[in-house]
Amino acid sequence: MALLMEHQFRQLSTDRQVETRPFLDAVSYLPLFFDCLGSTIFAPIKVDLIGNIAKIKAVYDTNPGRYKTLQQLLEAEKEMYGSEWPRVGATLALMWLKRSLKFIQIFLQSLVNGEKDQSNPNLLRVNLTKGYDTALKRYHGWLVQQLFKAALYAAPYKSDFLKALSKGRDVKEEECLEKIRKFLVNFSANIDAVYDIYSRMNADLDYKV
Ligand code: EIS
């Protein structure tokens with residue numbers, strides 16, 4: 001659990017604005033999360049995520065003052081790109097990034113809630129499927145949905161996943177789950193705030209890949 005706890009998301013202020021810089025700093029550690037799934041077949045997902053983060057960062061770095069919050073960044077791009085927006089720039093990258101984050105959030109939440117396959121309690125399939133169904137499935141065509149189903153068989157056992165999250169230390173399952181619970185507080189609040197920006201600005205797109 002060391003992996004997530006060392007890079008906590010910031011607590012949001014009362015106006016629920018997400019500041020771009022701290023958000024980018026915190027998400028930059030999340031690609032490592034996919035390493036904890038063990039198999040190299042998850043590498044393309046990691047690459048996609050790293051690409052999203054790099055794209056948002058590249059835009060932010062051109063004018064950190066102007067893009068101080070994620071909402072300001074979207075508003076500026078909306079003005080800049082006109083009819084091309086929102087399928088463009090950092091707006092598009094964050095649209096997909098937030099879905100991967102939501103996937104991780106729902107997966108971890110399901111894990112700490114103790115949801116499991118009673119006949120195979122050390123498998124993560126129930127939890128991964130819940131994350132996938134909630135966050136990504138509707139944006140994936142048939143082929144990618146089949147890839148997900150196949151990838152489930154390469155997912156690690158829960159005990160190995162928790163050990164990897166704890167950087168190889170043998171920590172007690174309950175201790176690890178408690179840390180995930182703590183991590184989820186600010187993580188979930190940040191993701192919810194990003195989803196709210198997209199719904200307020202009508203910036204989400206429903207196309208499938
Ligand atoms: C976006 O990707 C880009 O992120 C975005 C821009 O280019 C945009 C343009 O439309 O596309 O196509 C990507 C989508 N990302 C859309 C799919 C990547 C998944 C890789 C699938 C193929 C490789 C096979 C490997 C097997 C793994 C299969 C998994 C299938 C989901 C069991 C645990 C699995 C966990 C999986 C959940 C996380 C998936 C996250 C994928 C996000 C996604 O759907 S931009 O780029 O704007 O930054 O330039």
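In the chain, the longest principal axis of the Cα atoms and the axis of helix 43-62 are about 30 degrees apart.
The relative contact order of the chain comes to 32 percent, based on Cα pairs under 8 Å that sit 6 or more residues apart. Once the Cα atoms are used to define both axes, helix 89-112 deviates from the longest principal axis of the chain by about 30 degrees. Per residue, the average separation of C-alpha pairs within less than 8 Å and at least 6 apart gives the stretch 121-185 a relative contact order of 37 percent.
With protein chains left intact and a 1.4 Å probe, residues in the stretch 1-87 average 54 Å² of accessible area per residue.
What ranking of 174, 77 comes out by heavy-atom accessible area, probe 1.4 Å, highest first? Present the calculation step by step, with values, prior to reporting the outcome.
Details: 174 105, 77 0 Å².
Result, largest first: 174, 77.
FRET efficiency for the pair residue 150 and residue 40, taken as 1/(1 + (r/R0)^6) with r the Cβ-Cβ distance and R0 = 22 Å, rounds to 0.95. Take the Cα of residue 195, step 7 Å toward its Cβ, do the same at residue 50, and the gap between the two points is 2.8 nm. How big is the gap, in Å, between the Cα center of the stretch 63-98 and the Cα center of the stretch 169-209? The stretch 63-98 and the stretch 169-209 have Cα centres spaced 20 Å from each other. Listed cross-link partners 78/130; 137/172; 116/172; 116/149; 46/102 are compared with a 24 Å cut-off, the Cα-Cα value being larger for 78/130; 137/172.
Leaving out ligands, DNA and RNA, and with a 1.4 Å probe, what % of the accessible surface on the stretch 15-200 is carbon or sulfur? Kindly include the intermediate steps, with their values, before the conclusion.
Details: 4930 of 9130 Å².
So the carbon and sulfur contribution to the accessible surface is 54 percent.
In this label model, residue 13 and residue 139 are separated by 2.9 nm, measuring between points 7 Å along each Cα→Cβ vector.
The values are calculated or read from the model by the stated rules, or taken from the named source; none is laboratory data. None of these values were measured; they are calculated from a predicted model. Because the Cβ atoms are built from the backbone with ideal geometry, glycine has one as well, and the counts that use them run over all protein chains shown. Ligands, DNA and RNA are excluded from the accessible area calculation, which covers all protein heavy atoms including side chains. Shrake-Rupley method; radii C 1.70, N 1.55, O 1.52, S 1.80 Å.
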